[in-house]
Amino acid sequence: MPAITLITLAVLATVARVIGLIILSIITGWFLAYASIKSKFFENIYIILIEIFESVPVITFFPIVLIIFITRIGGTLGVELAADFLVFTAVVWNIWMGEYQAFKTVPREMVEVVENSRFGLFSKLRYLYIPFSVPRITANLFPSVSDGFFYITVSEVFEVGIHTYQTFGIGSVLDTFVADGQLFNIEMALLIMGIAIVAIIIILREFSKYAVGRYTLDTDAPVMKRGRLNLKETTRVFAVLSKNPLTRLARYYKYREGDNHEETYEKKEKKQKRYKYIYAVIGVILLISILYEAISLITSVKLSEYEILIGKTPSLLIGLGYDYLRVGTILLVSMIIAIFLGYYLAVNRRAEKYGIPLIQSLSAYPAPIYFPFLFILTEPFIFSIFGVYTNELYVLSLGFISTFYYVFYSFWMGVKAMPSEYWEITRNLKLGYFRKMRKVVIPSTFPYLISGISSTINSAWGGLMIGEYWPAIYGTHSLTVKTGLMKTIDIATATGDIALAAWGSLIFGIIVAVYSILFTRKMMDLAQKKYVAEEGVYAA
Amino acid sequence: MEIEIKNENVSNSVLEGDGIYFSYDNGYDVFENINIRADTGKFVAIIGPSGIGKSTLLRILGGFLKPDKGIVKVMGKILHEPIPEVALIHQSIVTFPWMDAQENVMLSMKTKDISRDEMEAKAKESLSRVGLDGFEDLYPKEMSGGMRQRVAIARAFAADPYVFLMDEPFAHLDELTAEGLRQDIYNILFSGETPLKSVIMVSHNLTEVLELADEIYILNNIPATVVGKVEVTMPRPRNPRSDNFNANLDMLYSYLTPPRKKK
Ligand SMILES: Nc1ncnc2c1ncn2[C@@H]1O[C@H](COP(=O)(O)OP(=O)(O)OP(=O)(O)O)[C@@H](O)[C@H]1O
Ligand SMILES: [Mg+2]
């Protein structure tokens with residue numbers, strides 16, 4: 001096969017994988033979202049699971065997932081599914097959360113219209129819920145596509161112990177080109193991938209324009225948020241959990257009636273009650289299977305091995321400390337650049353017209369593909385300046401590349417969404433650039449910045465996971481840092497020390513989840529105050 | 001579903017709410033023992049101060065909300081959930097932005113066992129009834145508020161309901177269109193050409209209420225009760241400029257005192 005055909009096919013395979021998984025997320029998300037607006041029980045399990053999974057960068061668990069797929073399924077299919085699973089977990093939470101939020105916010109009156117005509121499940125989805133969720137899904141598509149491409153290219157080739165597993169796609173094809181030093185083919189591959197990415201971005205932008213025009217309600221402004229920040233909903237979930245059953249029970253006893261023997265209209269509700277039980281059962285099965293996997297993993301490790309693992313834990317924690325420093329640095333740099341660039345683009349129409357699609361394309365172009373070439377081209381020069389810190393700098397850059405977009409995009413949306421009165425005030429007061437930023441722009445875009453930050457942290461971990469230990473990044477060159485938890489996990493995987501890899505991931509997962517849930521909690525308390533204030537209006 | 005009208009049944013009540021109590025999940029008590037009834041051929045109006053629970057009552061009568069105590073009966077059968085025979089027209093305008101006017105109207109026929117051609121013909125007919133001839137392919141974003149409300153009314157018409165529950169249906173329309181539509185709905189009620197038997201309408205516009213209604217229920221107090229029921233016996237057509245009309249209007253106004261909190 002001529003190389004060019006091979007490359008084109010590989011690009012198509014990768015693109016198909018990402019698009020296919022995004023479509024799968026969208027379709028499954030509709031049903032899960034519907035189940036959670038119909039059953040409180042299911043909703044509570046579902047939302048808590050999404051919040052936990054979304055806060056843990058799944059790539060760190062990839063080794064374990066890989067083992068499960070390869071040992072349980074095996075063969076080409078096992079490898080393919082492992083790669084798909086990784087990408088799925090990178091794109092799915094956003095989309096599911098967005099759909100859930102959309103379903104939750106369908107106006108009561110619209111629901112009543114379809115109830116009035118006694119629509120069944122599929123008609124309700126088709127005529128009301130699905131169209132209503134389209135703008136929200138579109139808003140989540142850009143980040144999902146970028147995330148998907150980022151992870152797909154690294155998951156097409158992976159090594160565990162002495163085994164190398166790969167599945168056909170641009171990531172694996174590039175890998176062979178690099179191994180054989182076929183420079184021309186490498187350039188062709190990068191070019192064709194670039195063309196594909198630009199085409200996808202253009203299609204997405206057009207679709208997004210169309211979707212916003214056609215599917216948004218007149219009063220509804222499209223909001224771009226990466227899923228998690230809808231804390232109000234979560235607050236509501238907890239509020240309902242704590243209060244509702246009691247009031248309901250009280251009311252039941254207050255107004256309890258005897259049996260009624262009068263003729264009644266045929267009830268559709270009985271069937272819906274049955275659905276509720278089905279949703280609840282699905283929720284329980286989900287929980288149990290996750291618990292089962294976790295427990296079987298824990299019990300598969302011998303006691304003596306646990307002693308070794310616990311002995312290594314302090315050094316793992318030190319590595320995690322270093323990694324948090326890295327994430328903090330990446331975040332700070334991203335924020336500063338995002339704020340200045342985002343503001344500039346938001347207020348300059350011409351710059352915005354070309355700048356935004358450019359940034360979108362760059363962010364969707366998977367960094368793991370081109371980073372090695374960037375590395376090999378610039379390394380001698382960078383080394384002459386930074387010496388021993390060279391590698392650290394590259395790892396931070398990779399983290400930055402993989403994450404910058406989220407902060408930037410959130411902030412830019414925030415500036416765009418600022419009420420025009422604010423601009424008039426700044427003009428009236430003749431505020432200078434920095435005072436305008438400090439007093440008006442940053443405070444009013446704060447919620448957007450926060451939501452950008454939480455997704456950034458997530459992607460930064462993905463960047464570190466790849467960058468901290470990258471053997472043979474180009475030819476005989478390797479990229480690695482001195483200390484870092486991600487490096488430890490990477491090496492453990494590569495040498496087949498699955499127990500250590502899993503242990504490291506577990507510690508990491510717990511700490512990240514606790515951190516982000518605490519962070520979320522704080523925000524939630526804030527939101528809850530607002531919520532209570534609203535409720536007070538009804539009670540007054 | 002088919003509903004048979006039994007002749008031996010002396011009652012000609014189309015829709016009734018008996019002894020209705022209701023409170024929202026936050027514990028706010030809205031109703032205490034509401035009794036309301038709409039008979040065949042009657043136009044019933046509900047009035048009361050803002051926030052007293054008029055929209056909530058319509059939702060209960062349509063089966064959208066379950067009363068804590070009490071029952072709603074349609075044609076003598078107990079209602080547990082919304083049915084197409086009882087059509088609710090909302091206070092806020094409800095159209096689906098991703099469908100054009102005709103598709104919006106067809107929505108209320110989707111669960112009926114009729115062909116698409118029939119549906120389209122019927123949607124056209126409903127739209128022309130509300131004065132939207134030739135606007136079938138317009139999307140809600142291309143329409144004015146009043147046009148959109150007419151689409152919502154046409155959608156309710158197309159379902160062939162026995163009862164209309166209308167929540168301030170004319171508030172978004174200009175006076176000319178509103179007047180035409182009022183008369184139209186009233187005429188349909190008595191034409192016998194459609195299954196429509198009765199209308200329950202919520203309105204702030206007392207002139208409109210007095211022009212149309214046979215019976216007026218006045219809601220007040222917190223939790224709300226029916227504090228008055230007025231039979232309007234003025235002959236039709238009623239002239240809003242006549243002395244008799246104005247005397248009745250004054251009497252209605254006197255009922256609308258600010259709500260008092262019981263307990
Ligand atoms: N979902 C809800 N949860 C809690 N309280 C509610 C809810 N909806 C309405 N209420 C309260 O119930 C009361 C009755 O509301 P409703 O909308 O029925 O009034 P209304 O008579 O139709 O008012 P208006 O004339 O302004 O339309 C109000 O005090 C309102 O605040
Ligand atoms: Mg109302």
Query raised in the report: Of (1) of a type outside the set (A, V, I, L, M, F, W, C); (2) away from ligand 2 (no atom under 14 Å from the Cβ); (3) at pLDDT 95 or above; (4) under 21 Å from A:Glu115 (Cβ atoms), B:Thr56 satisfies all except one. Which?
Result: (2)
Requested in this report: Please find, within region B:123-146, the residue that is nearest to the other protein chains (Cβ to nearest Cβ) out of those that are surrounded by 22 or more Cβ atoms within 10 Å (Cβ to Cβ) and not in a loop (DSSP other than H, G, I, E, B).
Outcome: B:Pro140
Report summary line: Exactly one of B:Ile34, B:Ile20 is β-branched (Val, Ile, Thr), more than 16 Å from ligand 2 (Cβ to nearest atom) and over 28 Å from B:Ile188 (Cα atoms), and that residue is B:Ile20
Report task. Assess whether B:Ala45 counts as being part of a strand (DSSP E or B), crowded, with 21+ Cβ neighbours inside 10 Å and either away from ligand 2 (no atom under 16 Å from the Cβ) or facing chain A (nearest Cβ under 9 Å) (or both). Result -> no
Query - Count - residues of region B:63-103 that are aliphatic (A, V, I, L, M) and away from ligand 2 (no atom under 16 Å from the Cβ) - result: 11
Report task. May I ask you to say which residue of A:Ser384, A:Ser410 is modelled with pLDDT under 80 and under 28 Å from A:Tyr322 (Cβ atoms)? Result -> A:Ser410
Query raised in the report: Which one is nearest to the other protein chains (Cβ to nearest Cβ), of the residues in region B:92-106 that are of a type in the set (A, V, I, L, M) and within 15 Å of B:Ser144 (Cβ to Cβ)?
Result: B:Ile93
Requested in this report: Please specify each residue of region A:92-136 satisfying the condition of being facing chain B (nearest Cβ under 8 Å) and charged (D, E, K, R).
Outcome: A:Glu109, A:Glu112, A:Glu115, A:Arg118
Report task. Name every residue in region A:153-178 that is farther than 14 Å from A:Ile369 by Cα and aliphatic (A, V, I, L, M), in order of residue number. Result -> A:Val160, A:Ile162
Query raised in the report: Do we find that A:Leu86 is modelled with pLDDT under 90, surrounded by fewer than 18 Cβ atoms within 10 Å (Cβ to Cβ) and more than 13 Å from every other protein chain (Cβ to nearest Cβ) in this structure?
Result: no
Report summary line: Of all helices (runs of 4 or more DSSP H) fully inside region A:49-121, the set with 1 or more residues that are among the hydroxyl-bearing types (Ser, Thr, Tyr) is A:62-72, A:75-104
**Report entry** Criterion: outside any loop (DSSP other than H, G, I, E, B) and modelled with pLDDT under 90 - qualifying residue of B:Leu107, B:Leu176, B:Leu165
**Finding:** B:Leu176
Report summary line: Counted residues in region B:51-74 being within 10 Å of ligand 1 (Cβ to nearest atom) and in a helix (DSSP H, G or I) come to 7
Query raised in the report: Just for region B:131-164: of the residues that are hydroxyl-bearing (Ser, Thr, Tyr) and more than 17 Å from the chain's Cα centre (by Cα), which one is farthest from A:Glu115 (Cα to Cα)?
Result: B:Ser144
Query raised in the report: Taking into account only those residues within region B:62-73 that are more than 7 Å from every other protein chain (Cβ to nearest Cβ) and not small (Gly, Ala, Ser), which is farthest from A:Ser123 (Cα to Cα)?
Result: B:Ile71
Requested in this report: Output the number of residues of region A:313-332 satisfying the condition of being surrounded by 15 or more Cβ atoms within 10 Å (Cβ to Cβ) and not aromatic (Phe, Trp, Tyr).
Outcome: 9
Query raised in the report: Pick from region B:75-85 the residues that are at the interface with another protein chain (Cβ under 8 Å from one of its Cβ atoms) and within 18 Å of the chain's Cα centre (by Cα): which of them is farthest from ligand 1 (Cβ to nearest atom)?
Result: B:Pro84
Query raised in the report: Which ranges mark the helices (runs of 4 or more DSSP H) fully within region A:416-515 that have 1 or more residues being surrounded by fewer than 16 Cβ atoms within 10 Å (Cβ to Cβ)?
Result: A:420-428, A:433-436, A:446-467
Requested in this report: Working only within region B:147-161, note down all residues that are more than 12 Å from every other protein chain (Cβ to nearest Cβ) and either surrounded by fewer than 24 Cβ atoms within 10 Å (Cβ to Cβ) or of a type in the set (Gly, Ala, Ser) (or both).
Outcome: B:Met147, B:Ala154
Query raised in the report: Which residue, of A:Val154, A:Val173, A:Val212, A:Val178, is in contact (Cβ under 8 Å) with a residue 12 or more places away in the chain, within 14 Å of chain B (Cβ to nearest Cβ) and among the β-branched types (Val, Ile, Thr)?
Result: A:Val212
Report task. Report yes if B:Gly63 is in contact with a helix residue (DSSP H, G or I) (Cβ under 9 Å, 6 or more places away or on another chain), on the phi > 0 side of the Ramachandran plot and buried (at least 20 other Cβ atoms within 10 Å of the Cβ), otherwise no. Result -> yes
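The values are calculated or read from the model by the stated rules, or taken from the named source; none is laboratory data. Just so you know, these numbers come straight off a predicted model, no measurement behind them. Every residue, glycine as well, gets a Cβ built from its backbone with ideal geometry; the counts of neighbours run over all protein chains shown.
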